[in-house]
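Notes follow the structure.
None of the figures in this text is laboratory data; all of them are computed from the coordinates on show. The shown structure was predicted, so the numbers you read here are calculated from the model rather than taken from an experiment. Positions of Cβ are generated from backbone atoms using ideal geometry, with glycine treated the same way; all protein chains shown enter the neighbour counts.
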Amino acid sequence: MSGMRGLSVFISDIRNCQNKEAERLRVDKELGNIRTCFKNDKGLTPYKKKKYVWKMLYIHMLGYDVDFGHMEAVSLISAPKYPEKQVGYIVTSCLLNENHDFLRLAINAVRNDIIGRNETYQCLALTLVGNIGGREFAESLAPDVQKLLISSSCRPLVRKKAALCLLRLFRKNPDVVNADGWCVLNTLLFQFIDVPFIFSSSYAYRADRMAQLLDERDLGVLTSSMSLLVSLVSNDYEGYSSCLPKCVKILERLARNQDVPQEYTYYGIPSPWLQVKTMRALQYFPTIEDPSTRRSLFEVLQRILMGTDVVKNVNKNNASHAVLFEALSLVMHLNAEKEMMSQCVALLGKFISVREPNIRYLGLENMTRMLMITDAQDIIKKHQPQIITSLKDPDISIRRRALDLLYGMCDVSNAKGIVEELLQYLSTAEFSMREELSLKAAILAEKFAPDLSWYVDVILQLIDNAGDFVSDDIWFRVVQFVTNNEDLQPYAASKVREYMDKIAIHETMVKVSAYILGEYGHLLARRPGCSARELFGILHEKLPTVSSPTIPLLLSTYAKLLMHAQPPDIELQKQIWNVFKKYESSIDVEIQQRAVEYFELSKKGAALMDVLAEMPKFPERQSSLIKKVEDVEDTADQSAIKLRAQQLPSNALVLADPQPVNGTPPPLKVPSISGIKLDHESASQTQSQPNGDLSKVQSQIPSADLLGEMVDPLAIEAPPVDMGSHQRVYREEDGIPDEVDGTAIVPIGDQANKVEPIGNITERFNALCLKDSGVLYEDPYIQIGVKAEWRGHHGRLVLFLGNKVTSPLTSVQALILPPAHLKLELSLVPDTIPPRAQVQCPLEVMNIRPSRDVAVLDFSYKFGTSMVVSAKLRLPAVLNKFLQPLQLTSEEFFPQWRSLSGPPLKLQEVVRGVRPLSLSEMENLFNSFRVTICPGLDPNPNNLVASTTFYSENTRPMLCLARIETDPADRTQLRLTVASGDSTLTFELKEFIKEQLIAIPMGSRALVPAVPVPAAPLAQPPSPAVDANDPGAMLAGLL
Amino acid sequence: MPVAASAIYFLNLRGDVLINRTYRDDVGGNMVDAFRTHIMQTKELGNCPVRQIGGCSFVYMRISNVYIVIVVSSNANVACAFKFVVEAVALFKSYFGGAFDEDAIRNNFVLIYELLDEIMDFGYPQNLSPEILKLYITQEGVRSPFSSKPKDKPVPNATLQVTGAVGWRREGLSYKKNEVFLDIVESVNLLMSSKGNVLRCDVTGKVLMKCFLSGMPDLKLGLNDKIGLEKESEMKSRPAKSGKTIELDDVTFHQCVNLTRFNSEKTVSFVPPDGEFELMKYRITEGVNLPFRVLPTINELGRTRMEVNVKVKSVFGAKMFALGVVVKIPVPKQTAKTNFQVTTGRAKYNPSIDCLVWKIRKFPGQTESTLSAEIELISTMGEKKSWTRPPIQMEFQVPMFTASGLRVRFLKVWEKSGYNTVEWVRYITKAGSYEIRC
């Protein structure tokens, strides 16, 4: 470059520019010049071409757009002299990317250089391919690059570059290189022999080649090849087992024999990079079987673990600890003997007390990992004081690690200590951590509570200390517990009463107190300072300080206090009535409505008793907190550790199982109401082995019908009716006996091993009932999408099974449990879903006769070696899918309506407990399930008239008519009349519409502990009388 | 009176602050950094003279190699701010006696600070007239060596001057030779479509005067504008002359013009300040005589060739001529080779501005000249972006020609002593933004 005067003049011109503007002018001038020269017909001398291409590169580096002259750059690649070739390669790799068409022109020249004899040219070419080699390069050059890598005649310099180039090609296009590149010679050789043989032999061949490479003496080549190996085995380790002993050999050579040339030692450590890479590669293999290899590996690891010390020199420290921590994770991966583990933990224990923050951080992080994988819990516990000290470290990332570790290591034995420590720390922790901290404290308290009063204490303390950071879920949870545990109620009430005496309390505390005192305040009535009037007094003091969402809660509490005041207290009544009157004109609708209603109710005396009866118990459910914390932790890290953790699902289970740890089962039990669980919970518990022995109890209770729960998650005490044999699916291992299920403390074993679906399956199903495509089910490994088309009584669903992870899902099974009215044909579901692939399974549906029953898809797959996930999913092939919207005029409608008279063709029913909807909302609802509203047919504006056509094989296309008469004064009831030419259809359609009107509290309420809404059991007309008498139904909307 | 500035900054082209003065506390001291990062270092610079960043408005202007930036945070009068900048620069120039640039600022820090204190108070502009300010800011600027104007002696009673009725002129001036120079300078703005339709056309004109008159003379100027002529004919009760009358829009006068007399008698009469000043400004939108017509044809032949043909016709009087005619014909960015044929002048390709620049030193009236060029383009990588075809731009000066047709009918000087004066009148028309689409 030295001889080019024009270039250096240009560069100095640019450097001398005073400002951006002057620079731009100079650049534009130069570009004009270059354009003129390139356009010159006479052609350029190689010198000039080189000079201008360098200038182009310089201009490109300055950030200007250079969109011409690529041809010249590419043509320089095939120039005979080195200086021109060099500029050609450099500029091409800078200006072009792998998607440019121009690169195609270069492939041949590059290939000539690669297969040529000149080393310098080979290096240039390999660098270019490594930098911008796209698919086409991979396809045409990978075999040549590979040949270079394994050729014995090449110098290490070239082979190093070849290895790295191949690595890059593999990373960009694993399929190309794997299938055609690495073993292409082989395939060519064997293509006339039978196919399976090619496959296996190519594997072996590949591995052999790789193993051969690992015998290399030159450490540079070895390091590059090791990078390649890491990349190859991270994709698929099978077939590389012959490399395993070689890797161990390399480690031995480096760490034990220290047989390394001087230039590859770094601060006295023999090639730390190679050591780290080798150990990383080993982590991608499952455990080592061969005892002698294993022994020698452990010997090396032992040496590394023992031989590392913290020294002054930062670089040496970094290098040695990089090796050490990789060794630690290898030890964890290999499930070494207890002795070695404890040695590791001891080492980590030493690190977390070191001054150097980097090492402390790594120590804590690795301890957390160790917790995930190994059973080192007891050993780690010894370091608890040290970890707690780290919680007070000045460095926030260390504090976070410490918090994670504490959260992970907590179990029944040390929960009390840790939670108290966290609570104490909460008051001094900085704001960014408080929310996570309070959430984790709440979860630990819930998970490992020795008794529930302690749990209540902890949560109240938590709210008191860090009210701003306590999410609603936390206090919902505590209220849920108190409501479900009668023994706890007086204790909780007295406890919150104590907190109320504090001068300034947080709003969340006011909420909890208001709720608990309203419900259970009367239990304290005998105690001093706890009469209804006094409770009202202290609660009412807080009212001016709270925000508007809390006021309705307080109003409910007042109403309850008033009811519980025994004997009736006129003075209190006056005060409370004053409050109600005051809020009767509140601008907030919620407050206003409650004030008005409570005021009217409280005048009625006896009715008040009914309405304000104690809240019914909450259905037991999984803590939403845990889900929340899982969401936070979910990262897409595809490390060896993670892979490993997924392969070994049962380890964590073993160590977290509380039974062997504390010996006694949790002392508290909640009297169970029913076997209700969230549907996904039950769906994924098909393999909870620890409870297998108890399952007989479950199977004897016919009411806890699994399917029934799935279809209606809110059903309470479903009467043991016969639901039609085709619907009943019993699975013995499904059940967990009610006693265990109902306790506040959910057995940890179940949670650790379960795959949680993402999102609520019921909500997804409900959404799919109204639209034709969407997600039916999703968990961390798979996503099932549905797309449907409906024509008459035929339908075609396509299930999209998408594998979300990078390892295949095996043993995929899908079984359809069709109800009698549907004919379902599912095409073949493949046994395996390849990594990150999507499989489509078409499903043909034919409707034979009207029915509201739902088809169920029993779906299961295997992840890794032992994890079986199964789910029962309702398919959205429901009644309304076979409807066709139809708009009628009054001339068409009324003759039909009159001709269908009286049962069974025309049915009428008064429906109560309807979700209150405005008329337009109701219209939308009807239209969404394809029943068309015909406006203007009914003279009364509060009534709706609708029509649709139903298709099934038995009935002809059948006209269906419906009329809904609403009561503007009471939106929760209406009269529904349905008519059609088929009695079954009329009944089914009526029931369907009724379900739609009553069911599904919408998403906004999902967080609130749901109050059970009575809903009709399936296939059985419900008695409306039940609805009207149930106070729960009337209060359903209030909380 | 609205606020004009919260702070004023003088920056060099690199964005370094040379001098700044904060008048109000409502802007932070580091706002100029925002200007540097958001305006100077982006392509925004020069696109829009007023920019808002983070609640502050930046009103800026480049004069030689200095950016003058006014920062305001309230709803300020932007026109007032620009006027202030222009006047302040004129003031500085009169103090430095020459160029206003980075070096001049660096040499006159103290003086500039003193002036900045004086000419604006709490964001409100004050007296900016150099004659007056020189009475009490007597500090001399460091003059550049090229200017050597003799300095007048200051008159002691500055207060009288500042408060007096004729604030712009000192008493007791005397010249051997009493001369008045009057220039009418017009610039033509034009936007014409490729078919020759005038889309936008106006003329902005200035009447500039330079007076070297003794005593307290009273001057009266007569132009061939419509209002003045009508009034005149009305007063003299005789029909207006058959000559062309011009309708002036938006006339603004220097403060020396007696507006009450203008309103009642429609005559421009004034006591002029000494030396150079701008007597009036006006704008004309109708009846503009365009000095040049341009007929371009540009053909794109395929992806790599273009043909350009431009014919320029001068339409002013045959005895007159235009000077310094420059026609800039835009070409695509990928232009590689150009071939010209011109009848007069010289043409070349300038890659920095992506234009063919055709220069003609002298262009006589009622003639025409053509340029035809063949252009070769280089092929590029990306998909071809269609060329936007920016308009052709023209620069010229036509002496003794007014695009508006404005003429001076008389300029009378009356003084107590009754001396004779020599009056010089010149006309010149320049191109403003003279653009023809192609």
- prompt: What Rg and what Dmax come out for chain B when only alpha-carbon atoms are used, in angstroms?
  reply: 25.5, 80
Whole-number percent relative contact order across chain B, with pairs defined as alpha carbons under 8 Å at least 6 apart: 15
- prompt: What span do the alpha-carbon atoms of the stretch A:788-900 cover on each of the three principal axes, reported in whole Å from largest to smallest?
  reply: 66, 24, 18
query: To the nearest µm²/s, what D does Stokes-Einstein give for the stretch A:20-90 at 10 °C and 1.306 mPa s, using the Kirkwood radius over alpha carbon pairs as Rh?
result: 127
- prompt: So how far apart, in nm, are the two label points at A:Thr832 and A:Met609 if each is 7 Å from Cα heading toward Cβ?
  reply: 7.1
message: How are the alpha carbon pair distances in the stretch A:418-527 distributed across 5 Å bins from zero to the largest one, expressed in percent?
response: 2, 13, 26, 24, 20, 10, 4, 1, 0
query: A:Asp967 to A:Gln212: extension gain in nm, 0.36 nm per residue of separation minus the Cα-Cα distance?
result: 263.3 nm
statement: Taking only the alpha-carbon atoms of the stretch A:368-450, the convex hull volume per residue, in cubic angstrom, is 85
task: Please find, in a Gaussian network model of chain B (springs between Cα atoms separated by less than 10 Å), the residue of B:Ala88, B:Ala99, B:Ala79 whose mean-square fluctuation is greatest.
output: B:Ala79
query: If you wrap the stretch B:7-134's Cα atoms in a convex hull and average its projection over all directions, what's the area in nm²?
result: 7.2
message: For a quick check, take a GNM of chain B with Cα springs below 10 Å and name the residue from B:Met61, B:Met280, B:Met394 with the largest mean-square fluctuation.
response: B:Met61
task: Between beta-carbons, use under 15 Å as the cut-off and find the net charge around A:Leu985, counting Lys and Arg +1, Asp and Glu -1.
output: +3
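Between A:Lys771 and A:Arg912, what FRET efficiency comes out of the Förster formula 1/(1 + (r/R0)^6) with R0 = 25 Å and r the beta carbon distance, rounded to 0.05?
Once rounded, the FRET efficiency stands at 0.30.
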task: Would you look at the GNM of chain B, springs on alpha carbons closer than 10 Å, and say which of B:Cys80, B:Cys56, B:Cys48 moves the most?
output: B:Cys48
message: Could you check the spin-label model distance between A:Thr806 and A:Ala525? Points 7 Å from the Cα along Cα→Cβ, value in nm.
response: 6.7
Dipole magnitude (debye, nearest 20) for the stretch B:7-134, charges at Cβ of Lys, Arg, Asp, Glu: 380
- prompt: Rg/Rh for the stretch B:257-334: what does it come to with C-alpha atoms and Rh from Kirkwood?
  reply: 1.25
- request: Return the distance in nm (one decimal) between the two label points of a simple spin-label model at B:Glu368 and A:Glu756, each offset 7 Å from Cα along Cα→Cβ.
  value: 8.4
task: Please work out how much length the chain gains when fully extended from A:Met340 to A:Lys574, using 0.36 nm per residue of separation minus the C-alpha to C-alpha distance, in nm with one decimal.
output: 76.8 nm
- prompt: Once amide H atoms are placed 1.01 Å from N in the peptide plane, what residues at a sequence separation of 5 or more from B:Val425, or on another chain, have their amide H within under 5 Å of its amide H?
  reply: B:Leu182
- prompt: Looking at the stretch B:372-438, which GluC sites (Glu not before Pro) are in a loop (DSSP not H, G, I, E or B) and have at most 14 other Cβ atoms within 10 Å?
  reply: B:Glu383
field: Backbone HN-Hα couplings from phi across the stretch A:581-593 [Karplus 6.51/-1.76/1.60, Hz, Gly and Pro as x]
entry: 4, 4, 8, 4, 10, 5, 6, 7, 4, 4, 5, 4, 5
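Apply 1/(1 + (r/R0)^6) to the Cβ-Cβ distance of B:Val86 and A:Lys48, taking R0 = 45 Å, and write down the FRET efficiency to the nearest 0.05.
Taking R0 as 45 Å, the efficiency between B:Val86 and A:Lys48 is 0.35.
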Top positive-direction residue, dipole computed over the stretch B:7-134 with Cβ charges, set B:Pro130, B:Ala88, B:Val69: B:Val69
query: How big is the gap, in Å, between the Cα center of the stretch A:376-446 and the Cα center of the stretch A:876-893?
result: 60
- prompt: Given the Cα-Cα distance of B:Asp101 and B:Lys195 and 0.36 nm per residue of separation, how much length would full extension add, in nm?
  reply: 29.5 nm
- line: 1/(1 + (r/R0)^6) with r = Cβ-Cβ of A:Thr545 and A:Asp588, R0 = 22 Å, i.e. FRET efficiency to nearest 0.05, evaluates to 0.85
